[in-house]
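The values are calculated or read from the model by the stated rules, or taken from the named source; none is laboratory data. Since we're looking at a predicted model, the values are computed, not measured. For neighbour counting, all protein chains shown are included, and Cβ atoms are generated from backbone atoms with ideal geometry for every residue, glycine included.
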Amino acid sequence: MPAVRAERLCPDAVFVPPDFARYRAVSKLTREIFKRHTDLIEPLSLDEAYLDVTENKTGLATATRVARAIRAQIFEELNLTASAGVAPNKFLAKIASDWRKPNGLFVIQPEDIDSFLPPLPVGRLPGVGKVTELRLAEMGVKTVGDLRAFEMVDLERRFGRHGQRLFELARGIDLSPVVPDRPTQSISAEDTFERDVPLSETEPLIRRLAEKTWAASRKETRLPRTVVLKLKTSDFRILTRSLTPPSPPATCDDLTSIALSLRDRVNLGPKQLYRLVGVGLSNFYDPQDEPQAELFSNT
């Protein structure tokens, strides 16, 4: 639930301000524990990462033993619990890591894939959002098992290149490698209106999307320089407006204010209708890499 809505529903609630500097520091300590076991680490956020432990530094015989060791070290050294998923690939490891949260360990062995996947709702597959899930439901597809009934050519005809990905995921196939230190390029949220609306009616959705984008960006260790507003007109033209302020937005209110100011830079006339709006952050950088300004004194 967005904090703004929570505050409206419970005006007497006490909101504790987050300490993202502390979160980043603990995230760095956690990553140091990961590095004792492997250098193949792909961070997803402050508190989540993929690890390839096919060959690990500690010589443990299985990935399950590595996961147990990492969870134990995080608890002993940082007094934090951690959930872990062990599987033959990234897609399945992600599902496994969510399976027994909080503070759980779940393992999907290669021989278990064909019994584990079919009963799952198709919405558990990466890239299957509300729109794709609705289109699949219209095809009679509600579970991964239902999706397996379709050949790749059928899915490609209906979903284009994403059809091949759906075909492979339904069978537990994911060949994407763990890529260490993959930098975040952008974070965004967008939504389509139930009906086409004039620009003057887009503010409520822009505010909601700014909240979602801001919340997602708080999981990232790097900071964004640029705010982006995306609009799609009723005739499917895509417009973008962006701004790189002197300093990154420091709060959700800052992000919202900039996004609304970008909307004011769109001038297609009052009769133009819009079907989609999006709010994004891009141009991420690591604050530690910023050059320090030279200091001069004259005494």
Margin query: Considering only region 118-133, I want to know if a residue exists there that is of a type in the set (A, V, I, L, M), on the phi < 0 side of the Ramachandran plot and surrounded by fewer than 16 Cβ atoms within 10 Å (Cβ to Cβ).
Written below: yes
Next item on the list: Filter the helices (runs of 4 or more DSSP H) completely within region 103-152 down to those with at least 2 residues that are at pLDDT below 95.
Entry: 130-138
Margin query: Take the conditions surrounded by fewer than 15 Cβ atoms within 10 Å (Cβ to Cβ) and part of a helix (DSSP H, G or I) and apply them to residue 246. Does it pass?
Written below: no
Next item on the list: Consider residue 233 carefully, then state whether it is touching a Phe, Trp or Tyr at 6+ places or on another chain (Cβ under 6 Å) and among the polar types (S, T, N, Q).
Entry: yes
Note to self: Is it the case, given these coordinates, that residue 220 is closer than 30 Å to residue 55 by Cα, in contact (Cβ under 8 Å) with a residue 40 or more places away in the chain and among the charged types (D, E, K, R)?
What the structure shows: yes
Next item on the list: Quick one: in region 185-195, of everything that is touching a strand residue (DSSP E or B) at 6+ places or on another chain (Cβ under 6 Å) and surrounded by fewer than 16 Cβ atoms within 10 Å (Cβ to Cβ), which residue is farthest from residue 266 (Cα to Cα)?
Entry: 186
Notebook entry, point to check: Any residue in region 201-220 that is closer than 24 Å to residue 17 by Cα, assigned to a strand (DSSP E or B) and not assigned by TED's automatic domain parsing to the domain that holds residue 31?
Noted result: no
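Results for (1) surrounded by 11 or more Cβ atoms within 10 Å (Cβ to Cβ); (2) of a type outside the set (S, T, N, Q); (3) closer than 21 Å to residue 212 by Cβ, shown as yes or no for each residue.
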residue: 7; (1), (2), (3): yes, yes, yes
residue: 11; (1), (2), (3): no, yes, no
residue: 15; (1), (2), (3): no, yes, yes
residue: 31; (1), (2), (3): yes, yes, no
residue: 46; (1), (2), (3): yes, yes, yes
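Each row is one residue, and each column tells you yes or no for (1) out of contact with any helix residue (DSSP H, G or I) (no Cβ under 6 Å at 6 or more places or on another chain); (2) in contact (Cβ under 8 Å) with a residue 12 or more places away in the chain.
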| site | (1), (2) |
| --- | --- |
| 36 | yes, yes |
| 43 | yes, yes |
| 47 | yes, yes |
| 58 | yes, yes |
| 63 | yes, yes |
| 73 | no, yes |
| 76 | yes, no |
| 79 | yes, no |
| 86 | no, yes |
Item checked: Total residues in region 226-243, condition crowded, with 18+ Cβ neighbours inside 10 Å and within 19 Å of the chain's Cα centre (by Cα) -> 4
Note to self: Restricting to region 54-90, name every residue that is surrounded by 17 or more Cβ atoms within 10 Å (Cβ to Cβ), aliphatic (A, V, I, L, M) and modelled with pLDDT under 95.
What the structure shows: none
Checklist line | Some residue of region 17-29 being more than 30 Å from residue 212 (Cα to Cα), part of a helix (DSSP H, G or I) and free of Cβ contacts under 8 Å to residues at least 60 places away in the same chain | finding: no
Check: What are the residues in region 20-44 that are within 20 Å of the chain's Cα centre (by Cα) and not hydrophobic (A, V, I, L, M, F, W, C), if any?
Finding: 23, 24, 27, 28, 30, 31, 42, 43
